[in-house]
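Chemist: Handing you this structure, nothing more for now.
The values are calculated or read from the model by the stated rules, or taken from the named source; none is laboratory data. Only a predicted model underlies this, so the values are computations on that prediction, with no experimental measurement involved. With ideal geometry, Cβ positions are generated from the backbone for all residues, glycine too; neighbour counts draw on all protein chains shown. For accessibility, only protein heavy atoms count, side chains too; no ligands or nucleic acids. Shrake-Rupley method; radii C 1.70, N 1.55, O 1.52, S 1.80 Å.
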Amino acid sequence: MLHKVIYSGLLLSTLSAPSFAAAPDQQLNKNLKKANHSVSEKVITWRRHLHQYPELSNREFETAKYITKHLKALGLEVQTGIAHTGVVAKLKGGKKGPLVALRADMDALPVTEQVDLPFASTQTSTYRGNEVGVMHACGHDNHVAILMAVAESLAKIQDDLAGDVLFVFQPAEEGAPEGEEGAPEGEEGGAELMLKEGLFKEKPDAVFGLHVTSSLNTGQIGFREGPLMASEDSFTINVQGRQTHGSRPWNGVDPIVASSQIIMATQTISSRQVDVTKAPSVISFGAINGGVRSNIIPDSVELIGTIRTFDQAMRADIKKRLVKTAEMVAESGGAKADVHIDHGYPVTVNDVKLTQKMTPTLTKVAGAENIITTDLITGAEDFSYYALETPELFFFLGVTPQGQDAKTAASNHSPQFFADEQALQLGVNAMTQLVVDYFAMKK
């Protein structure tokens, strides 16, 4: 998940599991359990390979080849080159039923690994013109390995499946390339581009996804109904003044003072202008650029920041208020503000009905004591685009070793991020059981 995704605020409360989940055939469950066990060692091998050879967004060429070879060996229908490097495969069940999509993201981050592992990444690449290390610091290697295992496991019981499965290996969840050699300006990528290129031409009845997190321990699964992760929009405000000597500010227009007033005024949008009882929101400034010398008031100042919220209507309203506030505040001091908003990921929303129906499945797989209701997460995920098309359920898989305090573990996106491989099997079990149980409900 983009930088966008630092997990925080996990509440350790247990979800109440509705009791209306349909139980699939007992023999099918036995066969599924056997199939899942057969990939328990393979999933670790795949994960270690992927971890050792990470690739940045839209450049997952070798990763895509690795996945494709595996899926073709399973006899699946495979499409490649979707949204640059995306790989999609379809498994046709032996019985008629719904279509379920499962997604794993493939890209790594421009982070130099600091974890002492025999399969640690030593890969490098160019990012924003700089030579950088490349690491699966967000855990996407785990996602890919889990979905590869899920594909093999479900292929073993293909004839008994009452529906079809679409396996989506998605590039560029962390965003399209920025400043990489050969990357054209405005390059697209990720879930939005996959959908634009026809991923859901045959619309699935539901889509499931998971994300590993160090904020939970191995064995734990976290999620919530409704809004789960925030929308993400970045903005740039260029404040134009008129340069003058610092000793005579009245001879010019000070964009630094105007910028400071804009920063303070925009903080009242979330605290005073939108309904705080409906959903939380955040407007944060990440950089202020302007000026070169103590006694020169510059011509202009650049402000950059981010907007996060959990309601789509509020998201649109805040954008309008930000533009109006910046422009009017600047004008009041004789300056001019030009606001540009880069519209990012929507709110990630777990469909309430789907989540309630599938909660018993996750409870069955992990145990009631290991089901955690997460707080709202101000990070963002482009899995959110799939929810605009079909009901989704997105959940978190704990990867901090049991016995270690997850609150103090290195977070996702850290060069010290560590994923316990013992957690992978639970991810496989959860995803495969979601598919089987969902099919059973639709009979």
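Chemist: Which order do E202, E187 take when ranked by solvent-accessible area (1.4 Å probe, heavy atoms of all protein chains), largest first?
Modeler: If we order E202, E187 from most to least accessible, we get E202, E187.
Chemist: How much length, in nm to one decimal, is gained on full extension between Q312 and Q416, taken as 0.36 nm per residue of separation minus their Cα-Cα distance?
Modeler: Length gained, Q312 through Q416: 34.0 nm.
Chemist: Another question, if that's okay. Enumerate the whole-percent occupancy of each 10 Å bin, from 0 to the last occupied one, for all C-alpha pair distances of region 31-137.
Modeler: Taking every Cα pair in region 31-137, the percentages come to 13, 36, 32, 15, 4, 0.
Chemist: Right, another one. Which angle from 0 to 90°, rounded to the nearest 10, does the C-alpha axis of helix 140-156 make with the longest principal axis of the chain?
Modeler: 30 degrees
Chemist: Now a separate question. Over the alpha carbons of region 215-256, what is the largest minus smallest coordinate on each principal axis, giving the biggest first in Å?
Modeler: Principal extents (Cα only, largest first): 65, 22, 11 Å.
Chemist: Related question: Per the Cauchy relation, a quarter of the hull surface: what is the mean projected area of the convex hull of the alpha carbons in region 180-250, in nm²?
Modeler: In nm², the orientation-averaged hull projection of region 180-250 is 12.3.
Chemist: Sort 33-39, 404-410 by the packing proxy (mean of other Cβ within 10 Å over each peptide's residues), most packed first.
Modeler: Peptide ranking by packing, descending: 33-39, 404-410.
Chemist: Semi-axes of the equivalent ellipsoid for region 289-392, please: Cα gyration tensor eigenvalues, times 5, square-rooted, ordered largest first, whole Å.
Modeler: Sorted largest first and rounded, they come to 44, 16, 11 Å.
Chemist: Equivalent-ellipsoid semi-axes (√(5λ), Cα gyration tensor) for region 301-344, whole Å, largest first?
Modeler: Listed largest to smallest, the semi-axes of region 301-344 are 22, 12, 7 Å.
Chemist: How large, in percent, is the carbon and sulfur part of the accessible surface of region 81-233 at a probe radius of 1.4 Å?
Modeler: Whole-percent figure for carbon plus sulfur exposure: 41.
Chemist: A further question on this structure: Kindly express, to the nearest 10 degrees and within the range 0 to 90, the angle between helix 424-441's C-alpha long axis and the longest C-alpha principal axis of the chain.
Modeler: 70 degrees
Chemist: Using a simple spin-label model with points 7 Å from Cα along the Cα→Cβ vector, what separation in nm is obtained for E77 and V292?
Modeler: 6.1 nm
Chemist: Next up: Give me the extension gain from E197 to K324: residue separation times 0.36 nm, minus the current Cα-Cα distance, reported in nm with one decimal.
Modeler: Result: 42.2 nm gained on full extension.
Chemist: Which whole-percent values make up P(r) of region 232-285 when all C-alpha to C-alpha distances are grouped in 10 Å steps starting at zero?
Modeler: All Cα pairs, binned at 10 Å, distribute as 20, 38, 24, 14, 4 percent.
Chemist: Using r as the Cβ-Cβ distance of T45 and D405, and R0 as 35 Å, what FRET efficiency do you calculate, to the nearest 0.05?
Modeler: 0.75
Chemist: Let me ask something additional. Averaging over every viewing direction, what projected area does the convex hull of the Cα atoms of region 381-434 cover, in nm²?
Modeler: Mean orientational projected area (region 381-434, Cα hull): 4.9 nm².
Chemist: Write down the accessible area per residue of region 318-443 in Å², having rolled a 1.4 Å probe over the full set of protein chains.
Modeler: 39 Å²
Chemist: Still on this structure, please answer the following. Who wins for biggest fluctuation among E232, E421, E331 in a Gaussian network model of the chain, springs between alpha carbons below 10 Å?
Modeler: Highest fluctuation among the options: E331.
Chemist: Any idea what % of Cα-Cα pairs in region 337-410 are farther than 14 Å?
Modeler: I get 72 percent for the Cα pairs in region 337-410 exceeding 14 Å.
Chemist: Relative to the longest principal Cα axis of the chain, at what angle does helix 255-268 sit, 0 to 90 degrees, rounded to 10?
Modeler: 50 degrees
Chemist: Same structure, new question: At 25 °C and 0.890 mPa s, grab the translational diffusion coefficient of region 81-167 from Stokes-Einstein with a Kirkwood Rh over Cα pairs, rounded to a whole number in µm² per second.
Modeler: 161 µm²/s
Chemist: OK, next. Need one number for region 255-316: average projected area of the convex hull over its C-alpha atoms, nm².
Modeler: It is 4.7 nm².
Chemist: Using C-alpha positions alone, give me the convex hull volume of region 32-87 per residue in cubic angstrom.
Modeler: In region 32-87, the Cα convex hull volume per residue is 92 Å³.
Chemist: Still on this structure: Suppose each label sits 7 Å from its Cα in the direction of the beta carbon; what would the S247-Q158 distance come out to in nanometres?
Modeler: 8.3 nm
Chemist: Work out the charge dipole of region 46-186 with +1 on the Cβ of Lys and Arg and -1 on the Cβ of Asp and Glu about the Cα centre, then indicate which of G93, I146, H136 is farthest towards its positive end.
Modeler: Value: G93.
Chemist: With no solvent and one equal point scatterer placed on each C-alpha of the chain, evaluate the Debye formula and give log10 I(q)/I(0) for q = 0.11, 0.13 Å⁻¹, two decimals.
Modeler: After summing over all Cα pairs, the log10 values are -0.86, -1.14.
Chemist: Convex hull over the alpha-carbon atoms of region 182-336: what's its volume per residue in Å³?
Modeler: Convex hull volume per residue, Cα atoms: 206 Å³.
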